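Written below as structure tokens is the structure these notes are about.
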Amino acid sequence: MDKHRGKSSKVERIKMRKKLLEKEGLLELSKEGDMPSENKLKNENLMKETIVKKKDKLSGKKRKEQNVTEAAVDKVDHPGSHAKDSSKRIKYEKSVEGKEEKKKKKLSKKKRNKQIVSGANVSEIDELDSEGEDGSKKLKDGSLATKKSARLQKADVAVNKRTKKSERVGKKKKDQIPLEEDNKLIKEENGSLASEVYHISSVDVDFSKGMKKWITEYHQSRPGLEILQQRIDEFITSHEEQEEQKRKEKEALAAEGGWTVVVHQKGRKKTTDAESGTTMGSVAQAAVIEKMKNVKKKDVGPDFYRFQKRDAQRNEIMMLQSKFEQDKKRIQQLRAARKFRPY
Amino acid sequence: MENNVNSKEETTDLKLRELLKQAQLDYDSATITTFVNNTVSSIKDFIDKIPENLKVNAKLAPGFIRDIGADKVEFTFKKPKSIEIGGSYSIQAIAKPDISVDVFIRLPKECFHEKDYLNHRYHGKRCLYLCIIKKYLSLSSGVKKIEWSTFQNEGRKPVLNVYPVQELGELPGFFIRLIPTAISSLFNVAKLKLTRSNLHGPNQEGDARPATPRYNTSILEDMFLEHNSEFVRNCFNGWRELGEALILVKVWARHRSSIYAHDCINGFLLSVIMSYLASKSGGNRINKSLKPMQIFRVTMDFIASSKLWDKGLLLQPQGQYNISKEVADQEKKSISKEERTQYRQLFPVVLIDSSFHFNLAFRFTRNGFLELRDEASLALNFIDKCKEGGFEEVYMTKVDFPAKYDYCLRLNLRENDKVYASGYCSDDECWRTYEEKVYSLLEQGLTDRTKLIRVTWRNSSSEWKIEEGFSKFGADALLAGILVSSCETSFRVVDIGPDAENKEEGLKFRKFWGEKAELRRFKDGTIAESTVWECRQWERHLIIKRISEYILLRHLSLPKENIVHVADQLDFSLLNGVGAFEVLSKRLRNLDDIPLKISSVQPLDSAFRFTSVYPPEPHPMAYEKDVGHKSQLLPTCIQPVEVMIQARHLTIGLFSLEGSGNWPVDDVVIEKTKSAFLLKIGESLQNTWGMTCNATGNDVDVLMSGYAFRLRILHERGLGMLKKQVGNSQTRRISSTDKELFIRSQHSSMINGLHGRYPIYGPVVRLAKRWIASHLFSSYLADEAIELLVAHLFLKPQPFYAPCSRITGFLRFLRFLSSYDWMFTPLVIDINNDFTSEDEKEITVSAITFNENFMLSRKSYEENVQNVESAMFLATSYDKASEAWTIFSPNLYELRRLAAYARSSAEYLTNLILKNQIESQKWECLFRTPLNNYDAVILLHRDLLPFPQRLLFPSEMTQGRHVAQGDASRDFHPYVLGNMKGRINEMKNKVMVNFDPARCFLNDLKGEFQNTFKLWYDSLGADAIGLTWDKPNSKKRVREEETEEHQDPIGILRDVGEIGKGFVRSVYLLKAPRLKT
């Protein structure tokens, strides 16, 4: 996966790749008679650089466009989904080569088209630039039309296919446009951030991130039993102190003002603390429960009054009705989802 | 209560209506009927144009004539006597999706001689006649293609499938089946009686010839086909309910591919049985007042439990039916007693046709019929017991070979000349004889280990060229399904044969088993012949495979690679070594010696209930003393197993708490106190037993007997408090540690009980977990939830029996996952049958509210997927409101993705079982996830995974943009060199308990990028992590912030790489997040 390349030897590389591709019979462009000569290619590459420098504003857009083509090519190159590692690997290497080559071709071709179109399009592009995504799409369409490259159309079809496929996975793709935009975006980044692979550095030096951090944390969290116990003791002590502090403050407040609001407490004295469930006072909870068992149930049932009965019945019926309604709704939905098809 | 029943019936009715609408053909639609009529009449016209008086001889199909062994087949072609629509179309009972119209072509009598019933001459001429028709029809412009097929899988009775050029959108795949018939007076029926022999070999004379009942019946069937078809039509005509019921029965039968077969039931026989039931001879069991559903029920009941099957059914034409009456009068009123006995002796099922000449059910085999009855009684059971009248179970669930049978066996017999060593067709055909042979071998070999064995060999003939004869006819594999009786009997190691004194039986036994048979003396003193299938504990599920392979190899002399027995193909994904657990559980009880009043010690970890994919292995560094380990590489990481200590009273005043005697109130303080106790316990264990204690502020792990135990304390009083809360409010969803522990312990003991009942449960769960993890769903479906889902398959296996093999169980898990209707039905898992109807009601109510919430959130779903939490409702006795495992995930989106994956895996697995794919690599694909379904993929350094041996497949990316790459850290190695004498303590320090860099990485990522992406990963240790971008949420976030975040996916991914520094190998971007437009 070496993508680091100097620009100087580009043309030579292209030559080599071309030969390679010719062997593999992959070079469809030459058959179409659309193949630019190497000189032209060189020129165009140079020109590309100059153009990039000059038309700053335009270049972004243009790159986007190139990237669309590249993305499309990408898709063509990888129609398969389940990659078999070992066997694919060789193929993959090849395809990388091929891809690069194709990209080159595309770029230069593109450039030529650009030259043809650009005169007419410059003003338009400027406008489009401000319009953003939609504009660029239009532009792409335009260039597509002028080019009428069979390859690109093929690629487009492939993109379409992919879209359908991803729809099947369950993500709702309304149409093809967002996907294209995605690709554009990927490649935009590709262009703007230079194409080399970012290398994660200082692997075993940086303590703030990654493996080093985790290992350090692991060891730090195990200081030994004594220290841990000490920490807990400290925590508890400080907690106690805080509690004590609060209590004291309360008392102090009471003492200071001389009086506190007395809150009326309803009912009998509680034997269980509401929050913790611990027993307070003298009666054990278990004993109470035991006692409660023997106490006769005094509360009247829900059907003591006639209206209660009626209500209960009505509720029941309502429930059933609602369930039935729900079922009907469900059937409709299932029908929509073809759940009744026995095949 | 009555209301309830009514509404239940109404819903079922509603559903059945819908089902019928889907399955019925719209006979009122003019387009369909005219289309069918036009197509048929155009074919008819074309056949009529075939010139007469053509001389026909064997040259048209030399192979066929040779292989059936017919002589004298020359005839002069005459036009068919009639061409008429018959079959299910004529009684308006076509059940989609099989849309074909049967057309009967009556062969003219002039083409046959009086004695043509001899030696397959009839069959030969029948075929040649079709050849002529095919030859001329294929010239027609209205015909797209013509295929050869067979009548009920009988090779010597071919039929033609004609596909018209013109197609109708409503009738996809429509074709016309041309079936030749003969008039009833073609041959003298007396010559075709059961006892007659009509195949005259060159060397046989007179009485020595064996009778040919099946051959005779095969001819009689053609002669009375139209007659019987007429009988059925008369019954069905103008009786809508009966027709609809037939469709229901067909839908039911078709889902059961093992009974909708040539040696069992088919559409025609079903219609015959139903007309029988509607006739006087059938006791008018079906009358006009019944609804389709009731007719279905009556039919099922009759098939399942009628005693008449033993006697044989007799179709009696009804009074108003004139023609048949005449025929009956001419011949005789009924068949005699002797004849009945004859039929019963010859055929397992007897269904005498309305002309009293032959047995309509002559193709039935005994095992086919047994299965049919079994399925019918099951269907009745579902209607009564299952919710919504068993709609799902009876009509909607596919009960095919791979899902139904515990073991599937495939014999590849392509071009195996042993099959037809004695000719293709004699009285019966060679394929049927072979089926019978395989069946009896398996039955004899497996004895009571099986509940049911089914052997079918379907001869699909789409590519069959009839001219070449039968040599390629058996190209498909022969399938055998084995239903296991019970795990104890089926997986027993020793089979005891006849006693040593019984010489005769002993000889037979030896002959059957060959060298496998041995004389053994048993504990009770008997000496008997026996076979022993020794194997290790975790290989016992393979005994059936070993036996069947041994027998088939021995008796059929097949090459071994032609037998494919589906049993162990997925075992590669599981590691074995469960044996150590018995010891482990016992040792646990020794933990009593701790300064606490402990009410019980309970295991929490899935390893204890045999459901963890990788049960922990003893680690040499985790023993109390130095166990002499050899110099080897030891894993660095130890997976701890969790153990819960249940404490009632914490009586020791440890800290400054002692004065109050109160258990602290604050959650944090409670946990701190608990860890203080745990530390004390750990310390004491360390001092008294020499067990290493490895503690952090939150967890305490002790190393013992090669395992690491993570100790947790459950405080019962806190629990009492929780119980109260569970009762009154469902709204409280804070999972306090005690509640969590309590639920986990409940779950653990429940599943443990289940495992005791179903020994296969464990392996199925393990496969399911492995699958979920392999497809990177680990973060969305809790392990416990998977255990419950699988538990459901065992507790409510309808329409199957509880699975008895891991692959079948796994397949059903996948199918269940792909098809369960989570949206409307809460899944209730009632392991110990302790739900009352009230509980059920409560669950339904809470599920309804759940659903309402769900529906509400569904509305917002249009805008944002993330809002929808918990799309799965799992109710158990300890968790009626489904709060334990699925409250936060999976959400709707995740669940759908899961279902889609399950669907494709299920299909894949079905194909693996049924089709000819032998390479083991194909099986692995089930656990290999395609990485291009994610927006970005992080690849990890394989050699830094804590358990590299658990990695099933190394992942590589072949697409997307390579964004970042990084080197491996040198500070961590998953293995340490074990040979360091005398420096045990140093070694022990190197061992890391519960250290998992992948988990650390994920936690860091989640902390850093909260709403940026979703993470898909494999908790069992794969070297790839998938990322999908979260859908931008316009409402919650400020726009600028969002665009800022989203415009730089590459930057984000580089940061991701940075966070996993030293662990991340490379990061790929496949799809950038979508911009808001």
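Conditions tested, residue by residue: (1) assigned by TED's automatic domain parsing to the domain that holds B:P51; (2) basic (K, R); (3) within 23 Å of B:E467 (Cα to Cα); (4) at pLDDT 90 or above.
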residue: B:S82; (1), (2), (3), (4): yes, no, no, no
residue: B:G86; (1), (2), (3), (4): yes, no, no, no
residue: B:I91; (1), (2), (3), (4): yes, no, no, no
residue: B:S100; (1), (2), (3), (4): yes, no, no, no
residue: B:F104; (1), (2), (3), (4): yes, no, yes, yes
residue: B:E110; (1), (2), (3), (4): yes, no, no, no
residue: B:E114; (1), (2), (3), (4): yes, no, no, no
residue: B:L118; (1), (2), (3), (4): yes, no, yes, no
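Tell me, please, whether a residue that is acidic (D, E), loosely packed, with under 11 Cβ neighbours inside 10 Å and either modelled with pLDDT under 85 or out of contact with any strand residue (DSSP E or B) (no Cβ under 6 Å at 6 or more places or on another chain) (or both) can be found in the range A:230-237. Steps first, answer last, please.
We begin by selecting, within the range A:230-237, every residue acidic (D, E); these are A:233-234.
Now narrow it down to the ones that are loosely packed, with under 11 Cβ neighbours inside 10 Å: A:234.
From what's left, either modelled with pLDDT under 85 or out of contact with any strand residue (DSSP E or B) (no Cβ under 6 Å at 6 or more places or on another chain) (or both): A:234.
Checked against the condition, which is being acidic (D, E), loosely packed, with under 11 Cβ neighbours inside 10 Å and either modelled with pLDDT under 85 or out of contact with any strand residue (DSSP E or B) (no Cβ under 6 Å at 6 or more places or on another chain) (or both), the range A:230-237 yields at least one hit.
Any idea how many residues of the range B:678-691 are away from chain A (no Cβ under 11 Å) and of a type in the set (V, I, T)?
Summing the residues that are away from chain A (no Cβ under 11 Å) and of a type in the set (V, I, T) in the range B:678-691 gives 1.
What are the pairs, 6+ residues apart or on separate chains, where a residue within the range B:699-710 that is in the same structural domain as B:M621 (by TED's automatic domain parsing) has its Cβ under 8 Å from a residue that is aromatic (F, W, Y) and surrounded by 24 or more Cβ atoms within 10 Å (Cβ to Cβ)?
From residues that are in the same structural domain as B:M621 (by TED's automatic domain parsing), the pairs are B:D701/B:F709; B:V702/B:F709; B:L703/B:F709.
Considering only residues that are under 21 Å from B:I1050 (Cβ atoms) and not in a loop (DSSP other than H, G, I, E, B), look in the range B:940-963 and name the one that is farthest from the other protein chains (Cβ to nearest Cβ).
B:L940
Conditions: (1) of a type in the set (S, T, Y); (2) more than 25 Å from B:G86 (Cα to Cα); (3) open to solvent by less than 20 Å² (accessible area, probe 1.4 Å). B:S279 meets all but one. Number of the miss?
Checking B:S279 against (1) of a type in the set (S, T, Y); (2) more than 25 Å from B:G86 (Cα to Cα); (3) open to solvent by less than 20 Å² (accessible area, probe 1.4 Å), the one that fails is (2).
Go through the range B:1006-1033 and give me each residue that's within 11 Å of chain A (Cβ to nearest Cβ) and more than 35 Å from the chain's Cα centre (by Cα).
As a first pass, look at the range B:1006-1033 and keep what is within 11 Å of chain A (Cβ to nearest Cβ): B:1008, B:1028-1029, B:1031.
Within the range B:1006-1033, B:E1008, B:K1031 meet the criteria.
Is at least one residue of the range B:199-219 open to solvent by less than 10 Å² (accessible area, probe 1.4 Å) and charged (D, E, K, R)?
No, that holds for no residue.
Within the range B:486-536, restricting attention to residues that are part of a strand (DSSP E or B) and open to solvent by 50 Å² or more (accessible area, probe 1.4 Å), which residue is nearest to B:L452 (Cα to Cα)?
Among those residues, the one meeting the criterion is B:I496.
Considering the range B:680-698 alone, what residues qualify as being within 21 Å of A:H239 (Cβ to Cβ) and surrounded by fewer than 21 Cβ atoms within 10 Å (Cβ to Cβ)?
First, the residues of the range B:680-698 that are within 21 Å of A:H239 (Cβ to Cβ): B:680, B:695-698.
Passing the criteria: B:K680, B:T696, B:G697, B:N698.
Of (1) in a helix (DSSP H, G or I); (2) within 13 Å of another protein chain (Cβ to nearest Cβ); (3) at pLDDT below 70; (4) open to solvent by 10 Å² or more (accessible area, probe 1.4 Å), B:D839 satisfies all except one. Which?
Exception for B:D839: condition (2).
Would you please list the contacts, defined by Cβ atoms under 7 Å and residues six or more apart or on different chains, that run from a residue in the range A:204-218 that is free of Cβ contacts under 8 Å to residues at least 24 places away in the same chain and more than 7 Å from chain B (Cβ to nearest Cβ) to a residue that is in a loop (DSSP other than H, G, I, E, B) and surrounded by fewer than 20 Cβ atoms within 10 Å (Cβ to Cβ)?
Partner pairs satisfying both residue conditions: A:K213/A:F207; A:T216/A:F207.
Among the residues of the range B:151-203, how many are of a type outside the set (S, T, N, Q), in contact with a strand residue (DSSP E or B) (Cβ under 9 Å, 6 or more places away or on another chain) and either within 24 Å of B:S100 (Cα to Cα) or not in a loop (DSSP other than H, G, I, E, B) (or both)? Break it down into steps so the answer makes sense when it comes.
Initially, the range B:151-203 is screened for residues of a type outside the set (S, T, N, Q), giving B:151, B:154-160, B:162-165, B:167-180, B:182-183, B:186-187, B:189-194, B:196, B:199-202.
Imposing the further condition that a residue be in contact with a strand residue (DSSP E or B) (Cβ under 9 Å, 6 or more places away or on another chain) reduces the set to B:151, B:154-160, B:162-165, B:167, B:173-180, B:182-183, B:194, B:199.
Filter once more, so that each one left must be either within 24 Å of B:S100 (Cα to Cα) or not in a loop (DSSP other than H, G, I, E, B) (or both): B:151, B:154-160, B:162-165, B:167, B:173-180, B:182-183.
Result for the range B:151-203: 23.
Residue-wise test of (1) charged (D, E, K, R); (2) open to solvent by less than 10 Å² (accessible area, probe 1.4 Å); (3) modelled with pLDDT of 80 or more; (4) in contact with a helix residue (DSSP H, G or I) (Cβ under 7 Å, 6 or more places away or on another chain).
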site	(1), (2), (3), (4)
B:T876	no, yes, yes, yes
B:A884	no, no, no, yes
B:I887	no, no, no, no
B:A900	no, no, yes, yes
B:S904	no, no, yes, no
B:I913	no, yes, yes, yes
B:I918	no, no, no, yes
B:K922	yes, no, no, yes
B:L926	no, yes, yes, yes
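The values are calculated or read from the model by the stated rules, or taken from the named source; none is laboratory data. What you see is a predicted model, and the numbers here were worked out from it, not measured in a lab. Because the Cβ atoms are built from the backbone with ideal geometry, glycine has one as well, and the counts that use them run over all protein chains shown. SASA here: full protein model, heavy atoms, side chains in, ligands and nucleic acids out. Shrake-Rupley method; radii C 1.70, N 1.55, O 1.52, S 1.80 Å.
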